Amino acid sequence: MKKLIAFMTAFIVCILSVTAAAPDCFKSELSAYAETEDTTDYKAVLDSLIRNHYISCAVLLTASDGTTLYSYNPNTALMGASLIKLPYVYYVCQQLSNGVRSLSDTFTYTSNWYHGGSGIIRNNGYGKVYTVAQLIDYALRYSDNVAYDILVYLFGIDGYNNMVTSWGYNCYINNYVRFPAVTASFMTTAMEKMKAESESGECWEICWDALINSEFSYSRSVIDDAEYVALKYGFVPTNYHEVMYVECEMPYILTILDSTRNSQADSAFIKNVASASHKMVKQYAYSLKKQAYIPGDVNEDGAVDAVDASAILTEYAWTSLGNTPTFSELQMLSADYNSDGIVDAVDASAVLMAYALGMVERSTSAG
């Protein structure tokens, strides 16, 4: 024990001398964890946005752990426009995975298949040959109407409708209605299932890449700190919608269905809902981290050890010189090992002692 105390004393003296001279060596490493608790009531924000929105809408926000963070009219059916291409292409990939047709199968675009609205095939000239892989990509990347029509022709309707029934929905298509009404719940399910298969093979990977790089979105402009946003939009003169999977610290799916005014999408409403939803998810992720924080584990690597003790002592030395703290609120909570409301050398010593005693116990057990 005397050797242990001597080691700890030497360690603390060494760290104090180093950090007083060059605290940046640890400050830069820990600054990546900087965050503060956001106490805004985002449910109230979303409620207000919807309450002041004079046209029908639906919003469903679901975190990747299965928690529904916000829900408004999740089962209200609105004209789905091009959102239907997402579940239909999911069905196409299921068929391909079961050996029905191939990604390399081809189809020639002729004047009989002309379809106005969104997409690029209609502008590429008749006689051009497209593979099923291209049709899948275009249907999601460019929301291409021609690509969707051809896929429905190649893979049919009945199997798709049976799939939808198995999901518990009735958002069917037929020979006369190719763009049916959908619900926020249905589209959330479709995106969830697509994400689950996104690494299951070439067809699924084509879909996911197309969604990540889809041509249009209002929401992406207000979600600028995510790894990526996989998104499908739908627009007709009476409705504008977006369903998206957002890859971030706490991944989530957000579906916004909105009736429009004067044939124009209410971009401000879409952006405001997306922004508030994204902040709500970040707030939720922070609350989970706060509940699960480990006393002493300031670098959040799951272990309480000498690295944490060094970081605590460094922060203490840094702030003692009058500098601005670098620890986030959660790091401060974790660093205050003795819960006295102060982060100082006593906490660093306690963490180091706990680590050293743990090493002794493990050594004794092994011996």
Given Cβ charges of +1 for Lys and Arg and -1 for Asp and Glu, the option among 259, 294, 275 whose Cα lies farthest towards the positive end of the dipole of region 247-308 is 259
Where does the charge balance sit around residue 56 when Lys and Arg score +1, Asp and Glu -1, over other residues with C-beta under 12 Å from its C-beta?
-> -1
Label 7 Å along Cα→Cβ of residue 102; region 197-229 residues with amide nitrogen under 13 Å?
-> none
Count charges around residue 119 for me, please; just the other residues with Cβ under 14 Å from its Cβ, Lys/Arg as +1, Asp/Glu as -1.
-> +2
May I ask you to rank 130, 176 by accessible area, largest first, using a 1.4 Å probe over the protein chains only?
-> 176, 130
Place the peptides 190-202, 230-242, 147-159 in order of packing, highest mean first, counting for every residue the other Cβ atoms within 10 Å and averaging per peptide.
-> 230-242, 147-159, 190-202
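The values are calculated or read from the model by the stated rules, or taken from the named source; none is laboratory data. These figures come from a predicted structure and were not determined experimentally. Methodologically, a virtual Cβ is constructed for each residue, glycine included, from the backbone with ideal geometry; neighbour enumeration extends over all protein chains shown. Note: areas computed on protein heavy atoms with side chains; ligands, DNA, RNA excluded. Shrake-Rupley method; radii C 1.70, N 1.55, O 1.52, S 1.80 Å.
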